[in-house]
Every structure is written in C-alpha cells, then in structure tokens.
Amino acid sequence: MIKFLLKGLLRDKSRSSIPLIVVAIGAMLTVILHAYMKGFMGDTIEMNARFNYGHLKVTTLPYAENISQLPNDLAILEAGKLMTDLETLFPEVEWSQRIQFAGLMDSPDENGETREQGPAMGMGIDILSPGSTEPQRLNLQKSIVRGNMPDSSRELLLSENFSRKLMVNPGDKVTFIGSTMNGSMAVQDFIVAGTLLFGTEALDRGTFIADISDVRTALDMIDATGEISGFFRTGFYDDDSAVEVSEKFNSLHSGDNDEYKPVMKSLSQQGSMGTYVKMSDYWANYITLFFVFAMSLVLWNAGLLGGLRRYGEIGIRLAMGEEKGHVYRTMIFESVMIGLAGSVIGTLSGLFFAWLLQKYGIDISGLMKTSSLMMPPTIRARITPPDFFIGFIPGLFSTVLGTMLSGRGIYKRQTARLFKELES
C-alpha cells in the first residue's frame with residue numbers, strides 16, 4: 001500500500017508539491033533559528049572567555065584563591081614545562097600564557113618630568129611570536145583607533161581614553177611603575193604603538209596590552225606566568241567537555257602536596273560565569289521552543305487545511321465502498337511520507353545555511369561606529385546535536401497531527417448525503 005500511495009503522491013503534484021515545500025521551509029527555519037540562538041547567546045560567553053576567563057584556566061592553588069588581587073607573587077613557575085605537559089595531555093585545547101598586573105602609568109614631558117599619570121591595569125599576552133593567535137582571538141587589529149599593532153619589543157597598546165588622559169599619541173613614550181614578582185620596584189619604559197577601544201568603561205579608563213616577554217622582563221617573571229588559558233580548537237565553549245578536562249587535570253595533581261600546585265578551572269567554575277552559562281542555555285532553549293511551537297501551529301494548520309480540501313475526493317472514495325478506516329489510514333500514511341521527506345530536506349538545508357553562518361558569519365563591524373574588544377564583529381551560528389532532529393518536531397509531527405484532526409470528519413460522513421454533496 002505504501003508503494004501505491006507513494007506513486008500517487010509523485011504523480012499528483014497538487015497533493016505533494018506545496019505541502020512538501022511548506023514543511024521543508026518550516027523545518028529549515030527551525031534549524032537555522034536554533035543554531036543562530038546558540039551562537040548568539042554564546043557570543044557574550046566567548047568574549048568573556050577570550051579576554052579574561054578562557055574556556056579553561058590553570059593557575060597555582062593560592063593564586064586561584066586570591067585571583068581578584070592578581071597576586072603574581074603566587075604565579076606559576078617553570079611555565080614552559082607545564083605548557084608542554086598541557087599540550088601533550090589535551091591536544092584538543094589551545095593553550096596560551098597570560099600575565100595580568102597593575103601599577104601606575106606615567107607620561108613624561110619633553111624634559112623627562114611627569115606630565116600626567118594614572119592607575120593602570122596591564123595584560124601581557126603573546127603578540128610578537130610568529131603564528132600567535134592571541135591578537136586575532138582578542139580582535140586587537142580591528143579594535144585599534146589610532147596607530148598600529150606592536151611589531152617590536154617595548155611597544156604596547158593603550159586604551160584610547162587612557163591615552164587622552166595621559167596626553168600621549170602613538171609613538172610617544174610612557175613609563176610603567178609597579179612591583180615585580182618578588183616585591184621589588186619595577187620601572188619600565190614603553191612606546192605607544194597604538195590605541196584601542198575595549199568597549200567597557202572600566203577597561204577603557206586605564207588598560208594597556210603588551211607582549212608577554214616584555215612584561216616578564218619588567219616584572220622579573222622569567223619562565224613564569226600568572227595564568228595559562230585554554231581554548232577549545234572548535235572555537236566554542238562546551239561546558240561538559242571543559243569540566244571533564246579540568247577534573248582529569250586536577251586528578252593528576254590530587255596527590256601533590258605542593259602548596260603551589262597547579263589547579264585547573266572551567267569557565268563555569270570561575271566567578272559568576274556558571275550562572276550565566278546556565279541562563280544563556282535556558283534562554284536559547286525557551287526562545288527556540290516558542291518558535292518551534294509557532295511553526296508547529298503553522299504546519300498543523302497546513303495539514304488541517306490539506307485534509308479539508310480533500311473532502312470531495314474522500315466522498316467519492318466512500319461512495320465507491322472504501323472503508324472509512326482505510327481512507328483515514330491512507331491519509332495519515334501520506335502525511336507521514338510528506339512530513340518525513342519535507343523534514344529531511346528542510347533539516348539538510350537548514351544545516352547547510354547554519355554551517356555557512358557558523359564558518360563565515362555575517363560581518364557587522366560596518367554597522368558600528370567603532371569596533372571594540374568586548375563586542376563581537378561577526379554574527380555566527382553554532383550547530384549542536386539538537387539541530388539534526390529539531391526540524392522534525394514541526395515538520396513531521398505537526399503535519400501528521402493536522403491530518404489526523406482533519407480526518408476525524410471522515411467518520412462523521414453519512415453515506416446517504418454523499419451523492420447530494422457530490423452533485424453540488
């Protein structure tokens with residue numbers, strides 16, 4: 001019977017073409033929206049991860065307990081060896097060393113006397129090493145307001161607002177004054193290579209970024225680092241995988257009695273980010289559920305109208321002696337085939353467009369007056385396992401449900417009235 005019904009659908013385009021197109025479009029839109037919402041809600045998480053938290057972060061145990069104070073006197077020693085171990089144990093994660101520190105930034109005048117100064121927060125990252133992904137990860141190039149990227153040692157990037165407060169321009173000299181890892185006084189001259197916009201007032205007020213090798217020299221932190229941040233090579237944060245990696249690493253050092261032993265935390269285990277990760281998942285699911293419900297109503301209505309338009313055909317089949325149950329079952333089988341085919345086509349199409357949006361994205365930097373580190377310049381989707389089946393909910397089940405509801409009228413048809421209906 002299925003073969004017979006399939007031939008009927010293929011030969012009668014009015015019964016299959018339009019319903020198939022409607023179902024395919026509905027399933028495709030559902031998949032694209034779900035992938036887009038996962039990408040959109042994850043953008044804020046990714047920006048926080050790239051700038052501060054990382055998908056994973058390794059510090060010493062006392063550093064982790066006092067991380068808000070940026071205690072570089074509790075930094076990781078022999079960082080190179082630990083980096084090698086991490087790259088060997090977890091090749092799916094890209095690791096990078098960072099140093100966060102604070103002090104005073106001074107801008108001298110032409111006589112070398114202090115012109116302006118202010119409190120500063122610095123970040124040392126790998127800028128100058130060939131092949132380093134840190135500048136791209138932090139969107140440094142597109143966030144530059146004046147000047148250029150550092151291309152030699154002793155150069156830094158200064159926040160635009162801070163540079164105006166210090167009355168310095170690209171090419172001018174500034175002096176950082178702080179304390180070294182060992183507690184002695186640190187004084188280091190830098191050249192302002194460029195200014196950039198972070199996008200948040202707290203960071204724009206007094207932040208600068210320099211190459212980590214220069215920061216190590218200034219703070220007497222040779223082969224030491226405050227933090228080692230890890231980022232999944234997929235480009236997206238996966239909480240389950242991150243927790244699994246951190247538990248595995250910490251278990252390897254569980255028997256270590258060293259007071260300064262390294263510990264690893266996932267992004268969700270740092271500060272309030274765990275709450276935000278859960279909230280982003282909930283909101284993405286709620287919005288997707290609402291859209292799936294709305295699309296289900298549309299396709300349910302399409303299946304209902306499709307069944308009602310066939311009442312004349314149903315009347316002829318009943319008048320010829322076909323059983324009501326058989327007519328009802330054939331309508332359901334037809335809707336299952338249409339819903340299944342449309343859902344498959346729509347899901348594949350939706351996955352294709354979602355993949356394009358995930359890989360290439362939509363560049364919105366031109367819509368913003370200036371780009372910034374804390375604002376993603378590209379809108380991207382994120383394909384997750386539910387995208388492979390979520391389109392079948394409205395595409396298959398709603399279509400079949402609409403046909404089932406419309407088909408109930410078959411059992412209410414009275415044979416005595418069939419010929420009168422057919423004559424009209």
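Ile410 falls short on exactly one of the conditions (1) assigned to a helix (DSSP H, G or I); (2) over 25 Å from Asn48 (Cα atoms); (3) at pLDDT 80 or above; (4) not acidic (Asp, Glu), and that condition is (3). Set side by side, the residues Ile364, Ile390, Ile338, Ile332 differ, and just one is open to solvent by 30 Å² or more (accessible area, probe 1.4 Å) and at pLDDT 70 or above, which is Ile332. Where strands (runs of 3 or more DSSP E) sit wholly within the stretch 74-180, those with at least 1 residues that are open to solvent by less than 30 Å² (accessible area, probe 1.4 Å), acidic (Asp, Glu) and out of contact with any Leu (no Cβ under 7 Å at 6 or more places or on another chain) occupy 93-108.
Inside the stretch 260-304, can you point out the residues that are under 16 Å from Val243 (Cα atoms), surrounded by 16 or more Cβ atoms within 10 Å (Cβ to Cβ) and within 25 Å of the chain's Cα centre (by Cα)? Passing the criteria: Met264, Lys265, Ser266, Leu267, Ser268, Gln269, Gln270, Met273, Tyr276, Val277.
The values are calculated or read from the model by the stated rules, or taken from the named source; none is laboratory data. Bear in mind the structure is a predicted one, so any value in this text is a computation, not a measurement. Reconstructed Cβ throughout: ideal geometry from the backbone, glycine too, with neighbour counts over all protein chains shown. When the accessible area is computed, the model is the full protein with side chains, heavy atoms only, and any ligands, DNA or RNA have been set aside. Shrake-Rupley method; radii C 1.70, N 1.55, O 1.52, S 1.80 Å.
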